[in-house]
1. Of all residues in the stretch B:44-88, which are of a type in the set (A, V, I, L, M, F, W, C) and under 13 Å from residue B:26 (Cβ atoms)?
2. If a residue must be touching a residue at least 60 places away in the same chain (Cβ under 8 Å) and surrounded by fewer than 19 Cβ atoms within 10 Å (Cβ to Cβ), how many such residues does the stretch B:1-29 contain?
3. Give the residue, chosen from A:298, A:214, that is surrounded by fewer than 24 Cβ atoms within 10 Å (Cβ to Cβ), modelled with pLDDT of 95 or more and not aromatic (Phe, Trp, Tyr).
4. Please work out which residue is nearest to residue B:286 (Cα to Cα), limiting yourself to the stretch C:214-264 and to residues that are aromatic (Phe, Trp, Tyr) and within 14 Å of chain A (Cβ to nearest Cβ).
5. Could you list, ordered by first residue, the pairs with Cβ atoms under 7 Å in which the first is in the stretch B:365-392 and hydrophobic (A, V, I, L, M, F, W, C) and the second is loosely packed, with under 14 Cβ neighbours inside 10 Å, at least 6 apart or interchain?
6. Does at least one position in the stretch A:2-9 carry a residue that is out of contact with any helix residue (DSSP H, G or I) (no Cβ under 9 Å at 6 or more places or on another chain), modelled with pLDDT under 95 and in a loop (DSSP other than H, G, I, E, B)?
7. Among the residues of the stretch B:110-137, which ones are at pLDDT 95 or above, at positive phi and of a type outside the set (Gly, Ala, Ser)?
8. Of everything in the stretch B:93-126, what is within 18 Å of residue B:58 (Cα to Cα), away from chain C (no Cβ under 14 Å) and of a type in the set (Val, Ile, Thr)? Give them in sequence order.
Amino acid sequence: MAPTVYDVTTWPGATVSPYTDIGLVINQIIADIKSQQTSQTTRPGAVIYIPPGHYTLQTTANIDIGFLTIKGSGHGFMSEAIRDDVNHSAWVETLPGSSHVQIANTNQVGFLVDRATDPGANGRLNSVIFQDFCIDGVSSSKPYLPGNGKTGIKVQYDTDSVRVEGMGFVYLATALTIRNADAFNITNNFIAECGNAIQMISSSIVGKITNNYLISAWAGNSIFMENNENCVISGNSLLWGARMQFKNVNRAVITGNKFVSNFSGMIVHETACHEQLISGNHFRRIFGDGGPARNDDLYGMVQLNGNDNSVTANTFSFDVPAANVVPSGATPTVVLVKGGARNFLATNKLVSNISVRHVLDPSASATKVLWSGTSSQLQDLTGGNMSFVATP
Amino acid sequence: MAPTVYDVTTWPGATVSPYTDIGLVINQIIADIKSQQTSQTTRPGAVIYIPPGHYTLQTTANIDIGFLTIKGSGHGFMSEAIRDDVNHSAWVETLPGSSHVQIANTNQVGFLVDRATDPGANGRLNSVIFQDFCIDGVSSSKPYLPGNGKTGIKVQYDTDSVRVEGMGFVYLATALTIRNADAFNITNNFIAECGNAIQMISSSIVGKITNNYLISAWAGNSIFMENNENCVISGNSLLWGARMQFKNVNRAVITGNKFVSNFSGMIVHETACHEQLISGNHFRRIFGDGGPARNDDLYGMVQLNGNDNSVTANTFSFDVPAANVVPSGATPTVVLVKGGARNFLATNKLVSNISVRHVLDPSASATKVLWSGTSSQLQDLTGGNMSFVATP
Amino acid sequence: MAPTVYDVTTWPGATVSPYTDIGLVINQIIADIKSQQTSQTTRPGAVIYIPPGHYTLQTTANIDIGFLTIKGSGHGFMSEAIRDDVNHSAWVETLPGSSHVQIANTNQVGFLVDRATDPGANGRLNSVIFQDFCIDGVSSSKPYLPGNGKTGIKVQYDTDSVRVEGMGFVYLATALTIRNADAFNITNNFIAECGNAIQMISSSIVGKITNNYLISAWAGNSIFMENNENCVISGNSLLWGARMQFKNVNRAVITGNKFVSNFSGMIVHETACHEQLISGNHFRRIFGDGGPARNDDLYGMVQLNGNDNSVTANTFSFDVPAANVVPSGATPTVVLVKGGARNFLATNKLVSNISVRHVLDPSASATKVLWSGTSSQLQDLTGGNMSFVATP
């Protein structure tokens, strides 16, 4: 086997069993890689393989080299929420599995991508990959925030083309948090029963979040992003507490996603966001066991606040018993255009069990609402600073 | 190597060569896993690797543990139909390859995911994964149903987050059939020359079927699904006999798919289906070597039957010689709204070599047809219970 | 380990170190495979693994067998352009990494898929797979064409279901060129700093290009394709010099892509292309460091030339300083319908810092422009042979 291929269970340099502290073993492997790859042109990185097994992580794994792949053989998801909710004394297994890493300590980060010394001048950690294993916070309960305070992966240093693929995350306060990423790629993951699923903080450049399951962000966000331009967010299934929260996120492509939520606010522009393309998504609002709503029903299933956003060919399906609407007796809001100019809604389908409507707030100007609802499904508070063509 | 990593070609516990009966070897490996993983909290599962090779499967592989990954090194597709149609005496190879599993017996299931004893209380088989190998029915001929009666993978017991990724399926009556799945993920597979490609039977919860090739379901379905809510079906290429057949499938997101078929009925609501979002798909109807049509040309390229479905921004391209239309002289139907209320068609593009039209059946009410055809491209049998804006 | 699993670093048959000439080692491995797999029904192929490392490729690797997987552990991208632009003396590493193959010679092909002898009668190379490694042209400078003349992968012989997945390509004149492919699959790759990213030449049947980063085709194309029908091109991020150039490409599905370019011409019909579906894409035109424009600003962000193309639910965002428009003082063109009948634009969003407009050339007939701009945003040179509904 090449010296760049490590198996945590067989590497002879480990001073501890990986089942006892896989984080420490990974750190020792990284130290070994560094001791062998010692010049600017001899650092291809390595792959660290985690075979199926239950591993405890006592020590945070600190990835401070580029081109490192940490890879398992399966995201190993099982629904711990169901396990906790029912009598499981007869179950065959009660833990997640496959390549299963359990974070031991409260408020701990499982995998930290960071560098102690900054080489400056756009030095970055390049092409770090997390693939096909499970990070488990072990124990928590809804709404998981602040919960156990655990974070699965935290990318703290500037990166280029970081990849998170095929991973499982469960029972964490935050599954994945990344700052200052260029061209990140988060695809085909299974994130469930976490307070926050994906947090893109500080700023990032372009990026893709595609084809993921993002399940049960009861108190936090399915996706939070700030200061990004030109991201693609497509083909994701955001379930039960679907929420994309954006601050200064411009020109995102948000297509073909499935949103289901017990709450208002499935896409939220917390600060101004411009020129997003929101097309071909299905938004489903239900009323279930999600606990108290984070926002009332006037908040909007989607809340726009910025210029030139386009909302086309989406379905908005609202199904909350009249008695559960907050505030009581209100007409729930589908799309709230809170502010900004020239937002564009066209050919959206509205379905609802009770009366609902779009709302254009006074500071929104020149909004177009075209075949996206009937006359009674639009409340215009702008004094007519808008264009409307009712669905016939 | 960790005790959870098995290679079918090197595992010493096998009583038979994997080339003779890979199913039996896998069952013996699973028995070995069970003998080693014996408590609720010590069952992380394992990975079974199938290196490139031609394997015969005499015995059905029965997966009755969670967190098992069965993985090869390539879907190994080759077109056996082409092989059978031409003189291939000079060909270099005549069988599919890579990690190539050949089902030996008529009416056999290759891989059965099932449990003999039900632990109850939402006990499920979790995170079973099939990845990157080929399942071959060895011999069959169009239309492949009933054909050899072989099934590639049959998931019979309740599962959570089952994954089928990068697989090849060929010459099977049914490639993949799954019942009672929660959060399944079927992506990047290559399914060709099978009677049915993907069958989601009984019921399922959410799910994703994305980025697959589903080729040549001449007699069956590319995708059959019943009793599902909130599934995403996107980015698939359904070729030559494209058909998605649905029963009580609600709120599906069906976007960005390529449909090409020799037959009518590329999306069919066999029973009522509500609130589907069908957007950005390309439907192409051709006339070729598909054999006798399953439905006549009044059946509809798409047949809706339910409430509040949205059909937006699709292209419908019809190209059948007038002489081949059935019944003779009929005007073929593009979208048939067979029943249901408030179905919504907008900004769809129609292309055809002969006159075609949408049809609203008498029991359909309040359908909207907006910029989806000219006046002559709509037949309204509802007595005016609809809204129409002709494409100008 | 099975005899079909090779590791370039440990295979005893190599006559040279893979670090010195990985191409020669791969050719020797292929010769070994051929010597072991000698009949039509005993050729399952093999997998060749490239562990993380810096490898030089002196000899072109010639893949002339089917079912071969060449696989690494990471695309290993790092931005060599940034490396070359800044003082990187303090950087930790200065080369791409992971499984990193460096093409040694000017005008060389890295990996050639070709067969010396054609077995005829639809004999093809089946299911060749390139996965998860990096091909590096080592040195080049903008605009990379003709540059070093190097090609990453060249598929010269007819193939069925070739797959290129998770690969990195950097500093090549052309990353990937494929001719005569049936059902190709190019997904989740990272192609940057190359003259051309993906070239589908001669002809191909169906195909998928999905979820890729295609960055910096400053002089060539992000995607070039000719003589194809029924391709899916979705979810890609085409950055900085985004360009899809088509000749006789019909019925493509082009959805959910992110285009950003310093130039005009993000989708170009070089010859007639019919019935393409272009929906839910975000086109962003900027002015930056791209060097002299390849086309002036009257060329169109999108240039259609063919019949029955549909352009729906896209955002077109134009942001070039007035002083930089070419020709000086011109009104830039958003969609140019250069020719063809019945092209269909609906519900597209226009954003721009200066006046822009769609243009219908005299030979375009019966174009529909519906809610895709205001009256002042359409120049009709057809004498009224079109339909227009202004965005209200």
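1. Hits for the stretch B:44-88 are B:46, B:47, B:48, B:50, B:57, B:61, B:63, B:65, B:68, B:70.
2. Residues flagged as touching a residue at least 60 places away in the same chain (Cβ under 8 Å) and surrounded by fewer than 19 Cβ atoms within 10 Å (Cβ to Cβ) within the stretch B:1-29 amount to 0.
3. Sole residue among the options that is surrounded by fewer than 24 Cβ atoms within 10 Å (Cβ to Cβ), modelled with pLDDT of 95 or more and not aromatic (Phe, Trp, Tyr): A:298.
4. Checking each candidate, the answer is C:259.
5. Listed pairs, sorted by first residue: B:381/B:362; B:389/A:392; B:390/B:374; B:390/B:375.
6. Yes: one or more hits.
7. Scanning the stretch B:110-137 gives a single hit, B:132.
8. B:103, B:106, B:109, B:113
The values are calculated or read from the model by the stated rules, or taken from the named source; none is laboratory data. Everything numeric here is computed off the predicted structure, so don't read it as measured data. Neighbour counts run over all protein chains shown; Cβ positions are idealised from the backbone, glycine included.
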